[in-house]
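Below is one structure; the comments refer to it alone.
The values are calculated or read from the model by the stated rules, or taken from the named source; none is laboratory data. Because the structure is predicted, anything quoted here is derived from the model rather than measured. Note that we place each Cβ from the backbone using ideal geometry, even for glycine, and neighbour counts take in every protein chain shown. Protein only, heavy atoms only, side chains kept; ligands, DNA and RNA dropped before computing areas. Shrake-Rupley method; radii C 1.70, N 1.55, O 1.52, S 1.80 Å.
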Amino acid sequence: MSVTIRKNKKEDNAVLAKIIRSSFHDFDVKNTCGTVYTDSTTDDLFSLFQVENSALLVAEENGVILGCCGIFPTENLPEKIVELVKFYLTREARGKGIGKLLMEKCLEKAKEIGYNQVYLESLPEFSKAVSIYEKQGFQYLEKALGDSGHSGCNLWMIKKLH
């Protein structure tokens, strides 16, 4: 497998939006309100990730985009904490270690920028991703941090970077 991890490009926008929304259907997520599914920024991730101290990484193989994962300095997060965001893979890419690779690259980038913790929001329906979070050392929180605008998420986790 020759997967390349790279920064997102403007021409990735439509494919990434499709991957993100398809994941909701793949995992039978019924309530998409208040999630990335309905977030207007999902259709222009390139512009969103021009924000300082953010990054969106894309996994690609032979010119085919397999998924993405990013870090974003979400509004009102405590200092030195960044949010892990937009972690989605195509159906064909799941279960091959690509998600783990993408996440690890994002965690490295967060450390490089100077963050010391990574926060995330998710849904129980994304159980495969949640199990990756657990294996990566994320701990559950009782409530949301910051102001992501994703009120539909009901699972929150955080990880200290060493």
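In whole Å, what is the distance between the alpha-carbon centres of segment 1-78 and segment 85-134?
11 Å
Which trypsin sites (Lys or Arg not before Pro) from segment 1-60 combine a DSSP loop assignment with at most 16 other Cβ atoms within 10 Å?
Lys9, Lys30
Can you tell me what share of the DSSP beta bridges in segment 44-162 is antiparallel? A percent to the nearest 5 is fine.
So the antiparallel bridges amount to about 85 percent of the total.
Amide H to amide H under 5 Å from Leu161: which residues, 5+ apart in sequence or cross-chain, H placed 1.01 Å off N in plane?
Gln117, Val118
Please list the non-local residues whose amide H lies under 5 Å from the amide H of Val85, H modeled 1.01 Å from N, same-chain partners needing a gap of 5 or more.
Amide H neighbours of Val85: Gly70, Ile71, Phe72.
May I ask you to give the solvent-accessible area per residue for the chain, in square angstrom, as obtained with a 1.4 angstrom probe?
I get 52 Å² per residue for the chain.
Once amide H atoms are placed 1.01 Å from N in the peptide plane, what residues at a sequence separation of 5 or more from Thr90, or on another chain, have their amide H within under 5 Å of its amide H?
Placed amide hydrogens put Gly67 under 5 Å from Thr90.
Determine the dipole magnitude for the chain: charges of +1 sit on the beta-carbon of Lys and Arg, -1 on that of Asp and Glu, nothing else is charged, the reference point is the Cα centre, and the result goes in debye to the nearest 20.
Using only the charged Cβ atoms, the result is roughly 460 debye.
Calculate for the chain the 222 nm mean residue ellipticity that helices alone would give, adding -39,500 (n - 2.57) per DSSP H run of length 4 or more and normalising by residue count, nearest 500 deg cm²/dmol.
Helix contribution divided over all residues of the chain: -8000 deg cm²/dmol.
Efficiency by 1/(1 + (r/R0)^6): what FRET value for Phe46 and Thr4, r their Cβ-Cβ distance, R0 = 25 Å, to the nearest 0.05?
Taking R0 as 25 Å, the efficiency between Phe46 and Thr4 is 0.90.
What does the charge count near Glu134 come to, summing +1 for each Lys or Arg and -1 for each Asp or Glu among other residues with Cβ under 13 Å from its Cβ?
Local charge sum for Glu134: +4.
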